[in-house]
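Accompanying notes for the structure given below.
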Amino acid sequence: MADPTTTATVPTATVPTATLPTGAADTATGPKTMDAGKWANKRVYLRLVIYTAGIHVFAGFIMLLFELGNRHH
């Protein structure tokens, strides 16, 4: 992984400036951020697992409420 504090120069002959998105001054693929790399991907996957588990717990709670409400009829 490249050091985000260094700047890489991209020759304009190989990459036309019209194809670069706005703000892509650091690299040809876009600006470097401190989150770029494996750690950001791990955080995304961890968040995905937490949200998925939370949604299942919430759905189970709603189903429990329906079951408890159904017993009174």
*asked:* Let's test the formula: R0 of 35 Å, r as the Cβ-Cβ distance of Trp39 and Ala59. What FRET efficiency results, to the nearest 0.05?
replied: 0.70
_Can you sort Ile55, Ile62 by solvent-accessible area, 1.4 Å probe, largest first?_
Ile55, Ile62
*region 61-72 - phi-based ³J(HN,Hα) in whole Hz, Karplus 6.51/-1.76/1.60, Gly and Pro as x*: 5, 5, 5, 4, 4, 5, 5, 5, x, 6, 5, 7
_Could you give the length gained by full extension between Val49 and Phe66, i.e. 0.36 nm per residue of separation minus their alpha carbon distance, to one decimal place?_
3.5 nm
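The values are calculated or read from the model by the stated rules, or taken from the named source; none is laboratory data. Quantities reported herein were computed from a predicted structural model and do not represent experimental measurements. A quick note on method: Cβ atoms are made from the backbone with ideal geometry, for glycine too, and the neighbour counts reach across all protein chains shown. When the accessible area is computed, the model is the full protein with side chains, heavy atoms only, and any ligands, DNA or RNA have been set aside. Shrake-Rupley method; radii C 1.70, N 1.55, O 1.52, S 1.80 Å.
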